[in-house]
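The values are calculated or read from the model by the stated rules, or taken from the named source; none is laboratory data. Note that the structure is predicted; figures quoted are calculated from it, not measured. Positions of Cβ are generated from backbone atoms using ideal geometry, with glycine treated the same way; all protein chains shown enter the neighbour counts. With ligands, DNA and RNA removed, areas are computed over all heavy atoms of the protein, side chains included. Shrake-Rupley method; radii C 1.70, N 1.55, O 1.52, S 1.80 Å.
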Amino acid sequence: MAMTDPLGDMLTRIRNATGRRKTSVSTPASKLRARVLDVLQSEGYIRGYTEVAYDNGKAEINIELKYYEGAPVIREIARVSKPGRRVYVSVKSIPQVANGLGISILSTPKGVMADHEAREQNVGGEILCHIF
């Protein structure tokens, strides 16, 4: 069966793995997933990730999760824009997550970036997810 929301699947895998206190989780590879993971890594929500290519042409991403004093750094991760309902915002209406303690990840014409970076570059786009 075809997957209709690959990014939502990755976020759910991360949510489930942090709930079970796993050190790492794997997901099928794609460019969008890698760009979202780049933002998560630069913002300090994950330790890092590695791409593993297999002989059959498929690839996986292994994500190393981050914990602080035994608690997961990612407390909540939620998909905002879904295949059935896309959510687009202008630069003036980018929401604050947890009064600025969390981030929104946006897909903009200048690439995938965090909400504060989108405000600096004065660009809006599709809100992919909220994390705090």
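Around residue 98, with a cut-off of 15 angstrom between Cβ atoms, what is the net charge of the other residues, counting Lys and Arg +1 and Asp and Glu -1?
Local charge sum for residue 98: -2.
Specify whether the C-alpha gyration tensor of the stretch 42-82 places it in the rounded, prolate or oblate class, a ≥ b ≥ c being the square roots of the eigenvalues: rounded for a/c under 1.5, otherwise prolate if a/b is larger than b/c and oblate if not.
Oblate shape, in that a/c is at least 1.5 and b/c is the bigger or equal ratio.
Rounded if a/c is under 1.5, else prolate if a/b beats b/c, else oblate: with a ≥ b ≥ c from the C-alpha gyration tensor eigenvalues square-rooted, which is the stretch 5-132?
oblate
Filter the cross-link list 82/110; 31/66; 31/110; 66/110 down to pairs whose alpha-carbon distance in this structure exceeds 24 Å.
With Cα atoms farther than 24 Å apart: 66/110.
Considering only protein heavy atoms and a 1.4 Å probe, what is the carbon-and-sulfur percentage of the accessible area of the chain?
Percent of accessible area from carbon and sulfur atoms in the chain: 48.
What 222 nm value per residue comes from the helices of the chain, counting each DSSP H run with n ≥ 4 as -39,500 (n - 2.57) and dividing by all residues, nearest 500 deg cm²/dmol?
-7500 deg cm²/dmol
Per residue, how many Å² of accessible area does the stretch 17-109 show with a 1.4 Å probe?
62 Å²
In terms of solvent-accessible area of protein heavy atoms at a 1.4 angstrom probe, what is the ranking of 36, 112, highest value first?
Largest accessible area first, the residues go 112, 36.
Accessible area, 1.4 Å probe, largest first: how do 130, 116 sort?
The most accessible residue leads, giving 116, 130.
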